[in-house]
Every structure is written in C-alpha cells, then in structure tokens.
1. Can you sort Asp313, Asp34, Asp55 by how many other beta carbons sit within 10 Å, fewest first?
2. With θ set to phi - 60°, apply the Karplus curve 6.51 cos²θ - 1.76 cosθ + 1.60 along segment 205-215 and write out the HN-Hα couplings as whole Hz, x wherever there is a Gly or Pro.
3. Counting other beta carbons within 10 Å of each Cβ, put Arg235, Arg199, Arg73, Arg164 in order, fewest first.
4. What's the local net charge at Leu281, with K and R +1, D and E -1, over the other residues with C-beta under 12 Å away?
5. Could you list Ile148, Ile338 in order of exposure, starting from the residue whose Cβ has the fewest other Cβ atoms within 10 Å?
6. Going by average Cβ neighbours within 10 Å, how do the peptides 182-195, 297-310, 244-257, 279-292 rank, with the highest at the top?
7. Can you list the residues of segment 229-260 with backbone N under 12 Å from a point 7 Å past the Cα of Ile56, pointing along Cα to Cβ?
8. Rounding to the nearest 20 debye, state how big the charge dipole of segment 83-213 is about its Cα centre with +1 on each Lys and Arg Cβ and -1 on each Asp and Glu Cβ.
Amino acid sequence: MSIFKTIFLLAVAIGIVYLSELQGLSSLQLGLIDFVQYYSAANLWWNGSNPYNPDILFQIEVQFYPSLEEVIRMWNPPFIFPMIGLFLSLPFHYAATIWFCSSIVILLFTAAKCLQDFSDSPRQLLYLGALVVLLFVPTYGCLQLGQITPLFLAGVLMYLQSYRSPSSKYGEIYAGFGLTLTLVKPHLFLLLYLFEFVRSYHRKKWQIILTFVSLTLLLCTISTAILPEVWSYYREALKAPPLYFHSASLGSWLQYFFNSQSTLNQFLPTLIGLFFGVIWLLSRSSQELNSLPFAMLIITLSVALSPYSWPFDFCVLLPCYVWILVQAKQNRNLTIKIAAGFLVLSNVVALALVKKMQFFFWFPWLTFIILGWCYYQVKSAHTGTPET
C-alpha cells in the first residue's frame, strides 16, 4: 500500500472517531473554535447577509456552537467564501469532521511529499512524516482550533512543486492555482507575490501570474455574484482593524513598545520589508530566483514580516522545516546539523509559550535565519548551485 493511501485511510479512521465524539459530547472543542467562524460567515454570505457584522455572526455561531461565549469575528477577505462554500451543503458536525480530517491529511501529505522530494533516499515516509509533524509545534494550534491554515499550506506545496518540475506542461498553471489558495490570508504572502512577479519578469514567463490573476478575478466574481455588497462590508469592517490583537508579529510588538494602537506601527515592518525586498530581489541572479530553497526563504521572510500572524499560521513553514532537516541528514557540514538541531529544540520552547501567542513572533525569524544559513552553506559547497 502506498504512503498516500495509508494517510487517507488513517484520516478516515480518525474522522469516524472524531465524528462520534462530536455528536456525543457538546463540550468537545477540538477543531471547532475557528471553523465555526468560517462556516457561520459563509452561511451569512450565501444567504445574503453581512458576514462581517459581529452581532449577526454571533447569532449564527451559537447555533452551531452553543457554549460559545463571545463572537469570533471574520477578518479573512471575501476570497475565502467560494473556497469553503462546498462545506455549506453539509451539516455542521459533518463539515467540521471533514475539515479536521482534511487538515490531518494535508499536514501528513506535505511532510511526506517534501521528504520524498528533498531526500535522496526517502524511506518509511509515513513514520518520518508523522514524526516531523509531531515535532512541529504550529500544527497543534492549527488542529486544535480548526484553522484554515492547511488550505494555504496546500497552496504553497503546489506552488513549490513548480520548482521540482519546471518543464511540466501544466506546472505553471498548477503553481498559479496554488498561489491563489494563499488568498485566504493574503497578508502573510505579500513578499511572495512580489517575488513571483520579479521572478516571472526575469524568466519572461508570465503563466503563473496570469493564472493567479485570472483565478483571483474569478473568486471576486463568485463572491460578488452571491452577495453584491460583500466587498463593501469587508471595507467597512477594515475601518476598525483589529489593532488590539496581540499577535505573533513585529507589528504587534511595535504597538506594545509604543503603547499605542496605530495602523502605521502594525504595518511598518511589512512596508519596510517590501521596500528593501524589491531592491534585494532585483539584485539576485535568475539562477538564484529559480532555486527551490530560495523560494522557501522568501516564503519564510514573507510570513515573518506580515502585519498579523499567529502560531498556527506558521504551519506554512513546514516544507522549509523539512528541507532543513533533510540537509542536516545529507550533509557532513557540522554547522548545518547544529542549526537543524537548534531549530528542533526551539519547538520545545515554543510549546511552553504556545498559550502566550504574542511571544511566538521569534519562531519564523529563527526559521528564516537557520534556513538562510543552511541554504548558503549548501550553495557554497556546490560551487554556486543551490541544492534542491
């Protein structure tokens, strides 16, 4: 039996147990807290009501989650609604079960697929993939809350596959589709969008960008066709952005240090990062821009510079995490092994801080530094050709 069939059967077994618990225990919270937000907001969107109105949203949320004490507001842009609309055809408990199991499948599949792609001789992918996922702290919050993170993790995996098969007939379209899935939380990927534009300019190939833009327009059309005022509702909600969030981002820490809730403070690291990112990217060679590790470096930096980020969002760094571990195993360079070991041990610290999410801001920066160090060590050891 193949590794991926095994992952599917494992998810089915977990789903059966999860659904039975969900139907039997009203107090079960695993995988529900954020999923109820997506499901309720999508219901309002589908039925022509404002999904960003906290009062209306709370009335729907308590129907599915009676023990909820306060509203969980929807801040994702309207791109999300066509993506999760299929779940509306299912009762809430069944939709939650499918999403929970899908999240497990995506996490395990990503780890196993990356091990398969990055390693020279991958063996026992299921066990290694499961171990990597267990050692990666962001997955806990993702599964516990029922977060949307696995959706854009799948998108990032699809995007990275274009580096593995650059001559594939449909690889560019596949990558553009994957990039579109990141629109559920576009603030995490602003630098990645900029990077792909610069990369496409260097390559003189625009298929990824064209696919991305076309699908973005399609999502806008669908979301507007169902609820014509949806973008107006979203803009109205953003007039009072959640500056009070103590998220794991540099912007939130600027709010804390200056003791003021300012939009400028929240977005300042992002704006500075994008400005210098343009200069940095334009100075890179085409060979470097088209290397897989460099793309993962950009993804990690993009997440680190985002105005809002949470520990569960860092699940998107899973491919980068796997690549570092594989390099530590395959290279004799002691510094790479030490750096990878330090990254694994940092998860122990992260586990201790997971309930104080604002203290998690160092995690993507640490990953970026270690990933960059390993990348340039590998690059120099291969006479200027980064290893993929």
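1. On the way: Asp313 27, Asp34 19, Asp55 8.
Lowest count first: Asp55, Asp34, Asp313.
2. Each residue's phi maps through the Karplus curve to give 10, 10, 5, 5, 5, 5, 5, 4, 5, 4, 5 Hz.
3. Working: Arg235 10, Arg199 21, Arg73 16, Arg164 13.
Arranged by neighbour count, lowest to highest, Arg235, Arg199, Arg73, Arg164 become Arg235, Arg164, Arg73, Arg199.
4. Values: positive: Arg199, Arg284; negative: Glu196, Glu288.
In short, 0.
5. Values: Ile148 24, Ile338 12.
Taking fewest neighbouring Cβ atoms as first place, the list is Ile338, Ile148.
6. Numbers: 182-195: 21.5, 297-310: 24.6, 244-257: 19.2, 279-292: 15.1.
Result, highest mean first: 297-310, 182-195, 244-257, 279-292.
7. 229-234
8. Working: 9 positive and 4 negative charges, 66 e Å.
Roughly 320 debye, rounded to the nearest 20.
No lab work stands behind these numbers, since they all come straight from the coordinates. These numbers come from a predicted model, not from an experiment. Because the Cβ atoms are built from the backbone with ideal geometry, glycine has one as well, and the counts that use them run over all protein chains shown.
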